[in-house]
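Presented below is the structure to which this report refers.
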Amino acid sequence: MATALLTAGPIALVGGSWVALNIRGSAAWLARWAEDNAELRRHSQGDLGPATRVATAGFYRFLATFMALGGVIFSLVGLVEL
């Protein structure tokens, strides 16, 4: 179990930190990607109006902060189990 936690923890920490700190515009890219997908979904259903905004870059940064904190917790729990 410690191996799984020590593997998942740093992955979640790095991935969450990458988006939370908006490194290389990752949070902005996620927001654009979600908007493009929402537009494609609406067009495939026959609605040709503008796409509604699904989530902003700030929302993705907020979620990624919790993901990074979860990664820290997983890593610490994995270290305690060793």
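Tabulated data
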| item | result |
| --- | --- |
| Extreme residue, farthest from GLY15 (Cα to Cα), among residues of the stretch 37-54 that are surrounded by 12 or more Cβ atoms within 10 Å (Cβ to Cβ) and not polar (S, T, N, Q) | HIS43 |
| Residue list for the stretch 21-65, restricted to those being of a type in the set (Ser, Thr, Tyr) and either touching a Gly at 6+ places or on another chain (Cβ under 9 Å) or outside any helix (DSSP H, G or I) (or both) | THR52, THR56, THR65 |
| Qualifying positions in the stretch 31-66 - aliphatic (A, V, I, L, M) and closer than 30 Å to GLY78 by Cα | LEU63, ALA64 |
| Flag if GLY71 is at positive phi and assigned to a helix (DSSP H, G or I) | no |
| Any chance ARG61 is among the basic types (Lys, Arg) and surrounded by 17 or more Cβ atoms within 10 Å (Cβ to Cβ) | yes |
| Qualifying residue in the stretch 20-34 (condition: under 11 Å from GLY71 (Cβ atoms), surrounded by 16 or more Cβ atoms within 10 Å (Cβ to Cβ), modelled with pLDDT of 90 or more and within 15 Å of the chain's Cα centre (by Cα)) | yes |
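The values are calculated or read from the model by the stated rules, or taken from the named source; none is laboratory data. Every value quoted in this text rests on a predicted model; they were computed, and no experiment measured them. Positions of Cβ are generated from backbone atoms using ideal geometry, with glycine treated the same way; all protein chains shown enter the neighbour counts.
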